[in-house]
Amino acid sequence: MAAPDPVEPGARVSVRRRPHTSVRRVLVDSVKHFGLRRQMRHPLMFCVFVLFLFVSLVTLYPRAFPDIAASYQAGYYVAVAIILFLTVWFANLAEAIAEAQGRAQAESLRAIRSGIRARQVLPDGALRWVPSDVLHVGDTVEVAPGEPIPMDGDVIEGVALIDESMMTGESEAVTRESGGDKTSVLGGTRVLQGTVRVRVSAARGESFLDRLIRLVEGLGREPTPSEIALSVLLAAFTVTLFVVVLSFVYLANFSGEVTVDLATIIALFVCLMPTTIGALLPAIGISGVNRVARANVIAKSGKAVEASGDLDVLILDKTGTITVGSRLAVQFVQAPDVPASELLEAALLSSTLDETPEGRSIVRLAARRSAPSRRLEPGSYKVMPFTAERRMSGLTLADGTEVFKGALSSIEAYGAPLPAPTRSAAAEAARKGMTPLAIAVNKRVVGLVILKDVVKPGIRDRIHELSTMGIRTIMCTGDNRLTAAAIAEESGVDEFVAEAKPESKLELIQREKSAGRLVAMTGDGTNDAPALARADVGLCMNSGTSAAKEAGNMVDLDNDPTKIIEVVSIGKQLLITRGALTTFSITNDVAKYFAIIPAIFLGGGAVALPGIALLNLLGFSNPYLAVLAALVFNALIIPLLIPLALAGVPFRPRSAIDLLRRNLVSYGLGGLVSAFVGIWLCYHFLAWLVREPAFATVARLVVRHLPLGGP
Amino acid sequence: MAFALQSLWDVLVLLGVVLAVAPWFGRYVGKVYLERPVAGDSLLLPLERAVYRLLGTSPRRPMRAGEYMVAVLFVNGGTFAFLFLFFLLQHALPLDPTGAPGMPWDLAFHSAASFTTNTDFTHFVNESQLSLGSAMIAWQLALFLSAATGLSVAAAMIRGFVRKDGRLGNFYVDLTRSITRILLPVAVLGALVFVALGVPETLVAAVRAHPLTGGTQTIYLGPVASFQAISLLGTNGGGYYTANAASPLANPSSASLLLGTFLMLLVPFSTPFAFGTMVRRRAEAWPFVAVIVLIVAIAVGLFVAYQAAANPLLGGIPGLGPSTNGYPVGQETRWSLPETAFFQVVSVYNNVGANSMQIGAISPIAQLVLLFGMFTQATPGGDGTGFAMLLVFTVLAIYVGGLMVGRTPEYLGKKIGTSQVRWAALALILHPALILVPFSIAVVGGWVSVGGASIGVTAHTFSSVLYEFASESANNGSALSSNAFNDTTPYFNVVGGLVMLLGRFVPIYVMLRVGGYFAGEATLPQGPGTLNTATGTFAVYLALFVVVVTALVFLPVMALGPLAQIVGVG
Amino acid sequence: MSAPRGPPAPLGPPTEPAVPTEHRLRTHARAAGIFLVLALLLSGVVYPLAVSAVAELLVPGSAGGSLLRCPNGTVVGSVDIAQNLSAGTLGPSLFWARPSLTDYNTTLGAAVPPGPSDPALGRLLNETIDYMRLYGNLSVNATVPFWYAAPSASSVDPDLVPEAVLVQVPRVAQENNLSVAEVLALVNAHISSPPLPYLGESFVNVLELDMALLSLVGKC
């Protein structure tokens, strides 16, 4: 791990700075990756590297290899060696670029936190300034307004307004207080208002930030199971081709009709090896995690990202995810013989001082229905706040008029009987999943205000997208069945669980998992922690408690529960990119065969097997250039595909078979055609190049002045 | 074109009949392995139960992959040992009226391996080197057991897609039912029709005849019809005569040729339907059938086209008339070109290996067509193992294709994990390695001899050696040319025998292992996000995957041999 | 080896009984052995004998190899096996079968003709044509049908395409002192046409034709 860049203590770090990817750093890294330990991690490219070393050796000391001398051509061997080197270097480059992108992100994150000093609360209650590095889990620090929070932790005392914009990009400050579900604070964020005591919950190096930094830098990245399986398949393919090529050399040389040149056969082998996917595989994995990070989600492992592409079931909280989180008034229903104005006035009165979203929505609706507005002089009324026992709220005016609104049962209990038509209107509304509240003036019910859960705009489309991807959505809510059914209907979720208790989610996850499905859920409360831990993908809101964040395997810094859909797309993209590039690599091979096999026969004595001309589809006449063209194409395709590997194959939700068809055409057929065209272009470019006198002079100079042997 | 297009009709009718019968027969086969009630239970079930009691086993004792393999090895090892000793000592055993001598140990080894592995590649002349007992007692045992082993292994692997307890079934039960319910009844019917068509079925080993122009001629007879029926039905391909299915006694008419083709096609074409029944998704059979029919049809088309074209090298021979009905060298008069071509292509693509012509004498491109079938060994391949190999291909194809739809891949609701890919990849490596390594050693090491002397290898000899190992590794048994080189040397006997044994039992282990891993997994429900494999798109994809992967692996070597021969023929 | 003893297994899913490996192997060896014996009886004895017996019952006489006999009872050969008909004193007067690479010796099995690019093929065909011209009394500009000159697959193909028989008619008529019309009539009577169009090819079984010829001239 590279040492963190030194940042001056106290330097103010700009918010979400994205230092540009340093070209020099990338180049240096791509060269560093030639190191043996790095190479060993990617056996496929290592194999190419070894072949490069071998060809170089032959080029430098051809006399040591008498068998090869017969067909040895210095210029050709130098060219093959150079292209092999480039192939490995391009692979290193792909990985270095992917890492650099991550590092850029990581550095801006790391900068946020470096050099922070904190006031530690000592056991005797005294405060002491310490560097944040020395803090341990369980230590308590005090943070005053204007100071940064040194480490991830939980507020154990006080309330504070905290600016998290440097971490989340959210400009609106958030409130954190001790007790309840909003206790967790992130190291590096800044307290704006209020002084709090924070208990450190993650040691240095273990915080979310640290994990994110490691992940985006590709350091803590373990290959995922599907990556391993793909590597095994590619390795098997390579071993098979090795056997094929080796036996081909022996047989061809033995037959005496053609002599297969060493450099040519190495070129054939390297071309047939799935180098394209082999070179880009690490970059694809790193960039998947990076893309998740760019979506402001901290994934704790690459595996979680991949698993999210694989989900079968998504468990969504109704409140906050599917609905805006509060019910809004949509309708007034008068009681019999009550004029509309009276109901509106009562509704307005009962809610004017109700600062809940519901209350405000009633005021808004009443105003829109032109309720007579009435100024309430301070002291002219007494607020009757909502209590758990009374379950209604309202006020008593100076004249003793009591205006209350509340659940039907509470209003009845308070002593205002519901007239029959009102009762049936209420039942009707409840059947539609809405919530009727009764409004009573002096124990006389004047009417109903109907509240409704409002589904977030756009959520229906997103759920539809999910179902196109084959992911079943289950909505979880504490509401009654009717309300839940109405929201489920409106949002398009496949299933819902009503009257959910805190443990319902866990049961639901267990039920789905035992049927073999992969389950994801979002959550924030401590209540959710067991379910988050049990789910295959548990996306925790950053605003949630430390316990919940610890239990989940991803944290969304933006507190947006619908973010899970984005994460699913990124996971799918990751898998698709791997599959597409594998297919591309394989179909490329077909074209390379048609370039190299005829060349081998043409090069080994054109008279031998004129029937081979049938295979010379591309009509190449110079066998050396044909082999080099295939090899150059094989190398160049790697950097050309780096952007695709980093950005991922475009993914739009479609049915699986449709996706297969499209990707087969794009990457299967595309691989075939592009290789034919690409090799043809490379050939003609090389042919032009060697005809160019300037190049020929330079090449001759190089060959003469290099310490090359040769006949 | 030197053949009448109309003569294709009977071949097409036969294909139609097979495609009409296969779904029905496949469902029957599926029920047999599911042990659901089928016709004949009242008669055979008590018998089978008696056999299980005798063996000390029971259908209620399903085995895991490892134990299943142990049982496969015991039964097949026993068969191999019995055959080896029988051939070694055939001169001293009963039923040797023609006085065939005991085989040398290396030939006995090769023959025993060949018959046990469903290959039925022969390095001897049946008429003079094989006793009546060796054919009827020893070889015929292997004809039944090797086919039954292949079917059982396929059934076990298929069960992996539906079972959840990690077990694949009981090998002895599968083996018994493969014989009593599938192979024996059809073989008896087939043999009877063969007899009615004039194929010998007698215990008389030979008759001495006195030809019209003097001298004597031995007419070799024997239980030819019964031998041939199980040989073709079981995709063994061993011929009672050296000329195999080209022999006029074994195959006297178009009717017998078509019957033989039917018997070869029946089980491999039905197995996808058996699969559909066993995994309770009948529609899943169709992509496989489509792939098989597509590839076989293209192969037959190419074969007929190139065999119909005249040999341009023969244009200069004075007095040689033109040919109607294709290229006659190494062909029999009584059949039309499409009939014999269909038999030949089906024989090689179904890993039977019986010959209705001398394929050493046919067009090089027709040879390439045959060679390709042995390289895939799964379109449709031999009884059971061919389909199981296609499933192995499918696992790999779905792995790559499944990634392209953005899910870690699954098939029939079972996730394809690293273990399955690792084992399937082994099967991918094994086949080319088993062909190319001994092939290269043979050629480069100077083991190839023609007429006793080691010589420079011509393209034809090259093709023949390549074809020999391809045939042995694929457990096919088809031989290109017995006079292109001397294949009865200890090298070709011993190495060939080992190639056949490895080419049989390693893939079987892979199939059982892959099935075993699937059997240990829960079945996931299918949704719109899972790849629907019962579609035309998937069938096309699978066909392309099989063809491209095979071509990538084998093209360089094909270029050296058969392709090189095309030089002279154009 | 004694079975492992221990406290009763706790309740749970049934586990596999711990059977020692060698014990299991012995069980398998025994089962496989018994199975092989049963299979041997079925495949080597019951199956061929049952087929023979039933065949004899249903289609008597067809399982004997289609032997041809002279009136005196000597077995001349099988309808399905060609013989060297051009040899001996009788040779010139008979219709000849396709050439055989094994010289019609069934004990040698069947031989593989040279491949299409093999120069040996041209030589072989040339030799055959020369032989037919020289001994078969062919006119110089008569062409030998390819199907007549080419070696067969079985080396004992008993059938000829009709053109190959027609080419021989002049010689046979001359040698047997028969008119060409008489011989042609005999040949036409022996052309086997397919039972349905293109279900196989039209051909003539040479041995049957020669037997008929011989009985016509009263020589068998």
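Read-outs: derived from the displayed coordinates by stated rules, not from any lab. Just so you know, these numbers come straight off a predicted model, no measurement behind them. With ideal geometry, Cβ positions are generated from the backbone for all residues, glycine too; neighbour counts draw on all protein chains shown.
General observations
- Each Cα pair under 8 Å and six or more residues apart adds its sequence gap; the mean of these over the residue count of region B:392-529 is a relative contact order of 31 percent.
- Two numbers describe the Cα atoms of the protein assembly as shown: Rg and Dmax, which are 41.3, 149 Å.
- Note on region B:392-529: the alpha carbon radius of gyration divided by the globular reference 2.2 N^0.38 Å gives 1.40.
- Note on region B:118-176: Rg/Rh from Cα positions, Kirkwood definition for Rh, rounded to two decimals, is 1.20.
- The mean sequence separation of alpha-carbon pairs under 8 Å and at least six residues apart, normalised by the residue count of region B:5-280, gives a relative contact order of 26 percent.
- Span-rule helices in chain B, defined as complete DSSP H runs reaching 24 Å or more along the axis (Cα) with Kyte mean at least 0.5: B:9-34, B:65-88, B:140-159, B:254-278, B:285-308, B:385-403, B:418-444, B:490-519, B:536-560
- Springs between Cα atoms under 10 Å define the GNM used for chain C, and in it the highest mean-square fluctuation of C:LEU160, C:LEU199, C:LEU108 occurs at C:LEU199.
- Cα-based equivalent ellipsoid, region C:113-191: semi-axes from gyration tensor eigenvalues, Å: 26, 15, 9
- Calculated [θ] (222 nm, deg cm²/dmol) that DSSP helices of n ≥ 4 give over chain C, each run adding -39,500 (n - 2.57): -13000 deg cm²/dmol
- Dipole of the protein assembly as shown, positive direction: furthest Cα of A:PHE49, C:GLY33, A:ALA160, with charges on the beta-carbon: A:ALA160
- Ordering B:ALA154, B:SER323, B:PRO409 by the projection of their Cα atoms onto the charge dipole of chain B, which places +1 on the Cβ of Lys and Arg and -1 on the Cβ of Asp and Glu, puts B:PRO409 at the extreme positive end.
- Volume per residue of the convex hull around the Cα atoms, evaluated for chain A, comes out as 211 Å³.
- Neighbours of C:PHE95 by Cβ distance under 13 Å: Lys/Arg scored +1, Asp/Glu scored -1, total -3.
- The region of chain A that goes longest without hitting one of the GluC sites (Glu not before Pro) in a DSSP loop, each with at most 10 other Cβ atoms within 10 Å, is A:390-711.
- Distant-in-sequence amide contacts of A:MET392, defined by a placed amide H-H separation under 5 Å and a gap of 5 or more residues or a different chain, comprise A:THR387.
- Compared with the dominant Cα axis of chain A, that is its longest principal axis, helix A:225-255 is turned about 10°.
- Of every Cα-Cα pair in region C:81-217, the percent that sits beyond 25 Å: 26 percent
- C-alpha center-to-center spacing [region A:466-525, region B:427-450] in angstrom: 60 Å
- Eigen-decomposition of the gyration tensor built on the alpha-carbon atoms of chain B gives equivalent ellipsoid semi-axes of 36, 28, 23 angstrom, largest listed first.
- Each 5 Å bin, from zero up to the one with the longest distance, holds this percent of the alpha carbon pairs of region A:323-455: 2, 12, 22, 26, 22, 12, 4, 1, 0.
- With Cα atoms, 0 to 90° folded angle of helix A:23-32 axis to chain A main axis: 60 degrees
- Summing charges over neighbours of B:VAL437, with a neighbour being any other residue whose Cβ is under 15 Å away from its Cβ, gives -2 when K and R count +1 and D and E count -1.
- A simple charge model with +1 on the Cβ of Lys and Arg, -1 on the Cβ of Asp and Glu and nothing else charged puts the dipole of region C:81-217 at about 160 debye relative to its Cα centre.
- Filter on A:LYS300/A:LYS501; A:LYS303/A:LYS513; A:LYS318/A:LYS513 - keep pairs with C-alpha separation over 26 Å: A:LYS300/A:LYS501
- Principal axis extents of the C-alpha atoms in region C:24-64 (largest first, rounded to whole Å): 51, 14, 7.
- Pairs of Cα atoms nearer than 8 Å and 6+ residues apart set the relative contact order; for chain A it is 15 percent.
- Local electrostatic count, A:THR422, Cβ distance below 13 Å [Lys/Arg +1, Asp/Glu -1]: -1
- CD proxy at 222 nm, helix term only [per DSSP H run n ≥ 4: -39500 (n - 2.57); per residue of chain B; nearest 500]: -19500 deg cm²/dmol
- Compactness of region B:163-216 was expressed as the Cα radius of gyration divided by 2.2 N^0.38 Å, which yields 2.14.
- Gyration tensor over alpha-carbon atoms, region B:394-434, equivalent ellipsoid semi-axes in Å: 21, 10, 7
- Helix axis angle, A:481-491 relative to chain A longest principal axis, alpha carbon, degrees: 40 degrees
- Going from the residue with the fewest nearby Cβ atoms within 10 Å to the one with the most, B:PHE121, A:PHE332 rank A:PHE332, B:PHE121.
- The ranking of B:VAL70, B:VAL195 by Cβ neighbour count inside 10 Å, starting from the fewest, reads B:VAL70, B:VAL195.
- Sum of -39500 (n - 2.57) over DSSP H runs of 4+, divided by residues of chain A (222 nm, nearest 500): -16000 deg cm²/dmol
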